[in-house]
Amino acid sequence: NFAAIRHELAVAEQQARASVVMFPNDPWILLALANTLQIRGLAVLRPMAPAEGLAAAQEADHLFARAYEISPNQPLLLRNWAQLRFNEGDTWGAFRLIDRMEDVIPNEVESYSERIGFLKRINELDGIRLTLARAETRLDPAKMVELRGVAGLQQK
């Protein structure tokens, strides 16, 4: 129920904010607070507290940006920030962050998988095909099987 979720998020946020006070330049601590605020800002929770949800999402975006300045090559940071941007309706920004993630870890499934997830949500089949084609030049066959599963496509 919403009250229990709200309470748990408040506790997590309080703990994360206390950690940020102690370690204001630690990207992982900034990421922890940003992730908590990202959840509070989810569109599904917004009807319960619209202004609070919007403020949480905006603060999360700011925290992701600060963490990125400190540590720009962290795939987890890029992925979570892209998820926030996508959920906020900034598809261009989300895909630019996934582009950066792909540059950082070109031989791993995660960036392609995240991009395909976004593309599926906006029903962009051509983009999925292009992503699979690009990934095929960079990933080994076992990883491509995994990625095709994410895309919902059978092995070639």
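The values are calculated or read from the model by the stated rules, or taken from the named source; none is laboratory data. Bear in mind the structure is a predicted one, so any value in this text is a computation, not a measurement. Cβ atoms come from the backbone with ideal geometry, glycine included; neighbour counts cover every protein chain shown. Remember, those area values only see protein heavy atoms, side chains included, never the ligands or the DNA or RNA. Shrake-Rupley method; radii C 1.70, N 1.55, O 1.52, S 1.80 Å.
Kindly indicate the residue of segment 43-71 that is assigned to a loop (DSSP other than H, G, I, E, B) and either among the charged types (D, E, K, R) or open to solvent by 50 Å² or more (accessible area, probe 1.4 Å) (or both) and also modelled with the highest pLDDT among those meeting that condition.
Among those residues, the one meeting the criterion is A43.
Residue-by-condition table, conditions (1) touching a residue at least 24 places away in the same chain (Cβ under 8 Å); (2) acidic (D, E):
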residue	(1), (2)
D90	no, yes
S113	yes, no
V145	no, no
R148	no, no
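Can you give me the number of residues within segment 121-148 that are in a helix (DSSP H, G or I) and within 21 Å of F86 (Cβ to Cβ)?
Residues meeting the conditions: 12.
How many of the residues in segment 1-42 are surrounded by 14 or more Cβ atoms within 10 Å (Cβ to Cβ) and part of a helix (DSSP H, G or I)?
22
Which condition number in (1) in a helix (DSSP H, G or I); (2) exposed (fewer than 14 other Cβ atoms within 10 Å of the Cβ); (3) of a type outside the set (G, A, S) is the one that N107 fails?
Exception for N107: condition (1).
Determine, yes or no, whether F118 is modelled with pLDDT of 95 or more, under 24 Å from W28 (Cα atoms) and in a helix (DSSP H, G or I).
So F118 fails the test.
Of all residues in segment 118-156, count the ones that are within 20 Å of the chain's Cα centre (by Cα), within 20 Å of D99 (Cβ to Cβ) and loosely packed, with under 15 Cβ neighbours inside 10 Å.
Counting residues in segment 118-156 that are within 20 Å of the chain's Cα centre (by Cα), within 20 Å of D99 (Cβ to Cβ) and loosely packed, with under 15 Cβ neighbours inside 10 Å gives 2.
State which residue pairs qualify: first residue closer than 13 Å to L45 by Cα and touching a residue at least 12 places away in the same chain (Cβ under 8 Å) and inside segment 3-19, second residue surrounded by 12 or more Cβ atoms within 10 Å (Cβ to Cβ) and acidic (D, E) in any location, beta carbons under 6 Å apart, and separation of 6 or more residues or different chains.
Pairs found: none.
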